[in-house]
Amino acid sequence: MTEATTLAGGPAGADHGLAGRRNIALAMLFLIGTINFVDRQLLAMLIEPIRVDIPLSDTQFGLLTGLAFALFYAGMGVPVAILADRWNRVKLVGIACLVWSVFTAACGMVSNFWQLALMRFGVGAGEAGGTAPSVSVLADYYPPHQRPIAMALFTCNGPFGVFVGAAFGAWAASTIGWRNAFLLIGAVGILVAPLLIWLVREPARGQMDKGAGDEPIPFAKAMALFRAYGSLMLLLPATALAAFVSYGMLNWIPAYLMRVQDMPLSAMGTWFAPAAGITFAAGTLGGGWLVARRARTSPRAYGQVPAIATLILIPSLIASLMVDSWPLALALMLVPLTACTFYIAPALALVQNLMPPRARATGTSILMLMFNIIGLGFGPLFVGFVSDTLKPDYGVESLRWGIMALIPFAAAACAVQFAMTRHLDKDFAE
């Protein structure tokens, strides 16, 4: 029997049915995750048209795309994940998709900053039910050695969502308007949510793990497991810092290219959208594939691969910000845009492989808490704050230096990722 069949505890013939169910689950959860990221990227793409109707400073925009969203996203993530370790995860993801899609549609009906912020709170609260339960479902469909690739394929919803959001946002801004763009994306999510519940079967918990217990693990014990593994404890700040950099880049590069480099909105859809989608997908898949390959001989790959990618990001981002032509700037940005997502799949897979089945959603939520509060919450806000602070002296050029200010955080992320490698051999041996 194959390892997957053995771990699943069933005969070889039964694996065909399992393969079909896991493919449907991966495809549908990928689609739901894509809708999640389309909404996030849509706001970044439409910020300049929105400003025509609703005056917003760079700091306020940083709040809308970062902290206002992240506080509710991360704050609701832990209780939702605890529920996911005890209840039907597929239904939970479907309900969450319905909630965030309603609030996404409502973003198209606001008339001031505070109304838009309130709708983003609702979007964040709804999307809290997306990632952690989805990752937990996939961990029960795939054996441990396949999880880095499964997580990489799933988290490609981010790059694909960025591509769709950027392309759709550029089209919508010039044809149907920013309000109708939010209404349309919200309607798509409302239609897809019931399909997930109908098509995807809730898997048996721990079916891919030997000796898996069936008792839910309390939150305090899940936290204790993080403290017990040195690699997981360092994974929290490493992921937070890496996310600080990646979200700071992702949320501000479209505005930077349009405002500082004078890139036309039409070119954003033609050139930036596919560039962002391809590079983020390459980074996400590349990180998962390299870790899955190298971890066969050494678990240190879970720290080494993201660290090397972050090391490459630093000089390449600096180079892309020092030119004054949008075609050249976008070309040079291909490298840091690829490198900035290498950490995602290894981080998710590491938590799934070291945590017990009944604590995986909770463990993922703990990781996402750091990821979102520090990374998503403060990364875009920090860039916006630096830009606003420097604007009196530098004008539109202030945004260039706001993004450049992410470099020290990238260096710190690299250092912590390398430090993780000292604990991985011991943690996987336990």
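The values are calculated or read from the model by the stated rules, or taken from the named source; none is laboratory data. Everything numeric here is computed off the predicted structure, so don't read it as measured data. Here the Cβ is made from the backbone with ideal geometry for all residues, glycine too, and neighbour counts use every protein chain on show. Just so you know, the surface numbers come from the protein's heavy atoms only, side chains and all, with ligands and any DNA or RNA stripped out. Shrake-Rupley method; radii C 1.70, N 1.55, O 1.52, S 1.80 Å.
What to note about this one:
- Among (1) part of a helix (DSSP H, G or I); (2) open to solvent by 30 Å² or more (accessible area, probe 1.4 Å); (3) touching a residue at least 60 places away in the same chain (Cβ under 8 Å); (4) more than 27 Å from Val416 (Cβ to Cβ), the one test that Gly269 misses: (2)
- Within the stretch 293-321, being at pLDDT below 85 and crowded, with 22+ Cβ neighbours inside 10 Å holds for one residue alone: Ala295.
- Evaluation of Thr5 against (1) out of contact with any Asp or Glu (no Cβ under 6 Å at 6 or more places or on another chain); (2) at pLDDT below 85 (one fails), failing number: (1)
- Subset of the stretch 105-131 that is touching a Ser or Thr at 6+ places or on another chain (Cβ under 9 Å), aliphatic (A, V, I, L, M) and modelled with pLDDT under 85 - its residue that is nearest to Ala361 (Cα to Cα): Ala128
- For the stretch 61-77, the tally of residues that are modelled with pLDDT of 75 or more and surrounded by fewer than 21 Cβ atoms within 10 Å (Cβ to Cβ) stands at 1.
- Subset of the stretch 152-169 [at pLDDT below 80 and surrounded by fewer than 24 Cβ atoms within 10 Å (Cβ to Cβ)]: none
- Residue within the stretch 412-427 that is over 26 Å from Arg300 (Cβ atoms) and either out of contact with any Lys or Arg (no Cβ under 8 Å at 6 or more places or on another chain) or without any contact (Cβ under 8 Å) to a residue 24 or more places away in the chain (or both) present: no
- Residue in the stretch 189-210 that is modelled with pLDDT under 85, at negative phi and of a type in the set (Phe, Trp, Tyr) present: no
- Annotation note: of Ala347, Ala361, the sole residue that is in contact with a Pro (Cβ under 7 Å, 6 or more places away or on another chain) and closer than 27 Å to Ala84 by Cβ is Ala361.
- Selection count, the stretch 377-411, where residues are surrounded by fewer than 22 Cβ atoms within 10 Å (Cβ to Cβ) and either farther than 20 Å from Leu236 by Cβ or without any contact (Cβ under 8 Å) to a residue 40 or more places away in the chain (or both): 18
- One residue alone among Gln146, Gln115 is free of Cβ contacts under 8 Å to residues at least 40 places away in the same chain and over 24 Å from Ile197 (Cα atoms), and that residue is Gln115.
- Flag if Arg293 is of a type in the set (Lys, Arg) and farther than 19 Å from Met45 by Cα: yes
- All positions within the stretch 57-102 that are among the polar types (S, T, N, Q) and either in contact with a Cys (Cβ under 8 Å, 6 or more places away or on another chain) or closer than 17 Å to Gly375 by Cβ (or both): Thr65
- Pairing each residue of the stretch 336-353 that is in contact (Cβ under 8 Å) with a residue 12 or more places away in the chain with any residue that is outside any helix (DSSP H, G or I) and surrounded by fewer than 24 Cβ atoms within 10 Å (Cβ to Cβ), provided the two are 6+ apart or on different chains, yields no C-beta distance under 6 Å.
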